[in-house]
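Q: Quick one: structure below, then a few questions.
The values are calculated or read from the model by the stated rules, or taken from the named source; none is laboratory data. Predicted, not measured: the structure shown is a model, and the values here were computed from it. A quick note on method: Cβ atoms are made from the backbone with ideal geometry, for glycine too, and the neighbour counts reach across all protein chains shown. With ligands, DNA and RNA removed, areas are computed over all heavy atoms of the protein, side chains included. Shrake-Rupley method; radii C 1.70, N 1.55, O 1.52, S 1.80 Å.
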Amino acid sequence: MNKLIVSPSPHIHTGVSTTSLMRDVVIALLPAVIVSVIFYGLGELLVLAVSVLSCILLEWAITKYMLKKPSTICDMSAVVTGLLLAMNLPYTTPWWVIVLGAVFAIGVAKMSFGGLGQNLFNPAIAGRVFLLVSFPTYMTTWKMPQGLFGADAISGATPLGAINEAVLQHQSISSIVSSYDYGSMLFAGIGGSAGEISAIALLAGFVYLLVRKVVKPWTTLSIWGTVALVSLLFWIGNPDRFTDPVFNLLTGGMILGACFMATDYVTSPMSAKGCVIYGIGIGFITLMIRYFGSYPEGMSFAILIMNATVPLLNRWFHQKKYGRA
Amino acid sequence: MSKQTFHIGGIHPADKKISRDCAIEALPIPPTVYISLSQHIGAPAKPIVAVGDKVKTGQPVAEPGGFVSAWIHSSVSGTVKSIGPRKDLSGKSVPSIEIAVEGDEWIEEVDLSDTLVTEFPEDNKAIMAKITSGGIVGLGGATFPTHVKLSPPPGQKCERLIINGCECEPYLTCNYRYLLERGEQVAVGVAILMQVLGVKDATIAIEDNKPEDIAHMKDVVAKLAAKSDKFRGIEIMPMMTKYPEGGEKQLIDAVMNRQVASGGLPISVGAVVQNVATAYAVYEAVQKNKPLVSNTLTYTGDCVATQHNYEVRVGTPLSFIIECAGGMPQDAAKVISGGPMMGRAVSNLDAATVKGTSGLLFLTAAQTKRAPATACIRCGSCADACPMGLEPFLLKRLALAGDLDGLEQNAMQDCISCGSCQYSCPASIPLLDIMTQGKAKVMGVMKARAAAAKAAAEAKAAATSAK
């Protein structure tokens, strides 16, 4: 007779694994990736490829040669980090800058903390911020896209960059804001990195994650709600100085950050209450940097700062327990 | 009517009720039965027969070993062959009585007819005596002696009797068949329990993946209520299909919107919960003088060619059941006594059934394979799944670190071992395995502390009286 397996209960499992969750995140990012390649052309494809490949290779090399542990690249978290990092970079970024970003993201922010699950800061954002403060020229110079179908290249600023410039020179921003068409911001058409190009493609991916129950909406809604409310108050106060809520929700990394970066399991709070506080923090800090800081965009900084509060939020906010008042 | 459910956590495994259309069939009596003396929660029973004694079906063979204990009866007629330790399904030695079967001669007072008896005496003492002497224990899994549950501590009053017909474990269908085939008997059992407890209201909770049960029981109760006032207070409540809906604490929360305090008993919030099969056993004991000598188990699994719901005599060897059903299924890699969430893996197929055996489930290697554990990604799935509102990711860490104070502060002792956390974990971390060890340690500390406090109080009282 065949031997029987004996183990404690439960005897069945959902079948959902870390790998399947990460695969879902990759699938959710695909619409935005495709739109960005169509929009920016082969340069974007190169950025994506270099970033993803260097993240995977780095993680493999670090586990094999430095940690001497079984490789963890099969969990696909390095692919997600690579994709997110690439989507935060201009399509004109030189390859060696991308590799340096990957080294910081995977090597410093992720593996030196102990790998997946142990990192305090979101690796992709850490990598992006590292590049932003180290190589500001590469990170903030934008060329209007040529695209796969070859329109003329025009140098230009992203909407947030233009606003920041105007504010620094004490000019009214209303003419700049009115030069942008919210419709094209929603679909595709404003300058920026892959993660900024098409709000609708990113939102489609986010809806996929919600439907598959990969992420919960609390953090994202909390960020958007805070940004909408606070910017509404400022905008009503002085529309010549402060941008309106719709502008703020559609520009920069607001959608990519709120949907895909702030919702990272490892670096966001466990409880719903914690997520709401975390989201309020991110939304508020982002807006303060946009309105008063010298950087045009503050999403990355805001997420990093709030990442640091997560252990505290996890300590403060707990699940409601059964039968305990 | 809106679907009732509990308020914290819960999971939705595929219900896999593939044996739902199989009517209950009596399994042949095996040549030998092995009756465990420790098949209920509490003290083991003490044998009152000797080797060589002739026994009849339904004759008591062991008496309760304390208040929290139960009578045990011979499930067959024949000769007592031996009394001594025998290995149970996980290989642990338990005292058992071996009886060689000769025919099937019942004790005289048992009514073996199928006639439905709906009239029952007003005398609660007589009813309680029959429930006690019938060896009735909770058949929902815990096998807690029923007469104890029906004797609330002084000062505590039952407000509602909840009959658990949820059968939230995947695969199992015995309760489903009980309600469909023996609904009248269950309803009479419920009315008897209501009278004993002195309650006017009872709720039969049935998950909404069993609409046939819900419709049938509504019909049954309506007909009985038209005949007698004793059935007036019974309501049928459809529940959301969610695991562990049938957990005692979860069911009280779902039905009464009340939560039992940590360490407390259901009666503290005015609830008594009994299983459908227990209500049926109460009917048999009180109305038919038939002690608990058989129970129903679901013989199932995706690799099982023919599904069954068997009525088996207590003490039937598992190997005999498998033989009757056509042998070990080809692809079976794991045999589980009970359901896939809380059932126990069988390592010894020669072990015999007990009163609480509710299923024999066969899983293939692919179905039950545990993936290697990987790093926790702090997704919080375990905390979302926990029906007690615990945080398994945290408890696991504390248990591995041996932080008993931390475990107690984070309510490790409240864990009901439902397995929802481990089922949900994408990193395949054996959360429940680790937490079970942590819980045992915390319970040990808590018990020792309670004992020390009691001893100190007694010493103080003695010192005061000496003055």
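Q: Quickly run through region A:230-244 and pick out the residues that are open to solvent by less than 20 Å² (accessible area, probe 1.4 Å) and in a helix (DSSP H, G or I).
A: Within region A:230-244, just A:Ser231 meets the criteria.
Q: Continuing with this model, one more query. Filter region B:347-400 down to residues that are surrounded by fewer than 20 Cβ atoms within 10 Å (Cβ to Cβ), within 10 Å of chain A (Cβ to nearest Cβ) and of a type in the set (Gly, Ala, Ser), then give me how many there are.
A: Of the residues in region B:347-400, 5 are surrounded by fewer than 20 Cβ atoms within 10 Å (Cβ to Cβ), within 10 Å of chain A (Cβ to nearest Cβ) and of a type in the set (Gly, Ala, Ser).
Q: Please pick out the residue among A:Leu85, A:Leu53, A:Leu58 that is surrounded by fewer than 22 Cβ atoms within 10 Å (Cβ to Cβ), of a type outside the set (Val, Ile, Thr) and part of a helix (DSSP H, G or I).
A: A:Leu53
Q: Does region A:283-292 contain at least one residue that is open to solvent by less than 10 Å² (accessible area, probe 1.4 Å), touching a helix residue (DSSP H, G or I) at 6+ places or on another chain (Cβ under 8 Å) and not in a helix (DSSP H, G or I)?
A: Checking region A:283-292: not a single residue is open to solvent by less than 10 Å² (accessible area, probe 1.4 Å), touching a helix residue (DSSP H, G or I) at 6+ places or on another chain (Cβ under 8 Å) and not in a helix (DSSP H, G or I).
Q: Scan region A:311-325 residue by residue and report those that are at the interface with chain B (Cβ under 7 Å from one of its Cβ atoms) and open to solvent by 40 Å² or more (accessible area, probe 1.4 Å).
A: A:His318, A:Gln319, A:Lys320, A:Arg324
Q: For region A:34-50, what are the residues that are open to solvent by 20 Å² or more (accessible area, probe 1.4 Å) and either of a type in the set (A, V, I, L, M) or within 14 Å of another protein chain (Cβ to nearest Cβ) (or both)?
A: A:Ile34, A:Val35, A:Val37, A:Ile38, A:Leu42, A:Leu45, A:Leu46, A:Ala49, A:Val50
Q: Report yes if B:Ser417 is away from chain A (no Cβ under 11 Å), among the polar types (S, T, N, Q) and open to solvent by 10 Å² or more (accessible area, probe 1.4 Å), otherwise no.
A: In short, no.
Q: Based on this model, can you work out whether B:Thr79 counts as of a type outside the set (Gly, Ala, Ser) and surrounded by 14 or more Cβ atoms within 10 Å (Cβ to Cβ)?
A: Criteria met by B:Thr79.
Q: Next up: What are the residues in region A:261-271 that are at the interface with chain B (Cβ under 9 Å from one of its Cβ atoms) and among the aliphatic types (A, V, I, L, M), if any?
A: A:Val266, A:Met270
Q: When you go through (1) open to solvent by 20 Å² or more (accessible area, probe 1.4 Å); (2) part of a helix (DSSP H, G or I); (3) not basic (Lys, Arg) one by one for A:Met270, which number turns out not to apply?
A: (2)
Q: Could I ask something else about it? Among the candidates B:Pro340, B:Pro426, B:Pro387, which residue alone is farther than 29 Å from A:Pro123 by Cβ, in contact with a helix residue (DSSP H, G or I) (Cβ under 7 Å, 6 or more places away or on another chain), outside any helix (DSSP H, G or I) and modelled with pLDDT of 95 or more?
A: B:Pro387
Q: If you don't mind, there's one more thing I want to ask. Looking only at region A:88-127, count every residue that is open to solvent by less than 50 Å² (accessible area, probe 1.4 Å), in contact (Cβ under 8 Å) with a residue 24 or more places away in the chain and within 14 Å of chain B (Cβ to nearest Cβ) and tell me the total.
A: Final tally of qualifying residues: 8.
Q: Filter region B:356-382 for residues that are in contact (Cβ under 8 Å) with a residue 24 or more places away in the chain and outside any loop (DSSP other than H, G, I, E, B) and give the result.
A: Matches in region B:356-382: B:Gly359, B:Leu360, B:Leu361, B:Phe362, B:Leu363, B:Thr364, B:Ala365, B:Gln367, B:Thr368, B:Ser381, B:Cys382.
Q: Let me ask something else. Run down B:Val312, B:Val272 and say which single residue is closer than 24 Å to B:Gly10 by Cβ, more than 10 Å from chain A (Cβ to nearest Cβ) and either part of a strand (DSSP E or B) or at pLDDT 95 or above (or both).
A: Selected residue: B:Val272, the only one of B:Val312, B:Val272 that is closer than 24 Å to B:Gly10 by Cβ, more than 10 Å from chain A (Cβ to nearest Cβ) and either part of a strand (DSSP E or B) or at pLDDT 95 or above (or both).
Q: On to the next question. In region B:198-226, how many residues are over 27 Å from B:Ile18 (Cβ atoms) and either buried (at least 24 other Cβ atoms within 10 Å of the Cβ) or under 20 Å from the mean Cα position of the chain (by Cα) (or both)?
A: Qualifying residue count, region B:198-226: 3.
Q: Quick check on B:Ile41: is it open to solvent by less than 60 Å² (accessible area, probe 1.4 Å) and assigned by TED's automatic domain parsing to the domain that holds B:Ile99?
A: Against the criterion (open to solvent by less than 60 Å² (accessible area, probe 1.4 Å) and assigned by TED's automatic domain parsing to the domain that holds B:Ile99), B:Ile41 does not qualify.
Q: While we're on this one: In region B:48-63, what residues are buried (at least 21 other Cβ atoms within 10 Å of the Cβ) and without any contact (Cβ under 8 Å) to a residue 60 or more places away in the chain?
A: Hits for region B:48-63 are B:Val55, B:Val61, B:Ala62.
Q: Return a yes/no flag: does region B:286-308 have any residue that is surrounded by fewer than 23 Cβ atoms within 10 Å (Cβ to Cβ) and assigned to a helix (DSSP H, G or I).
A: yes
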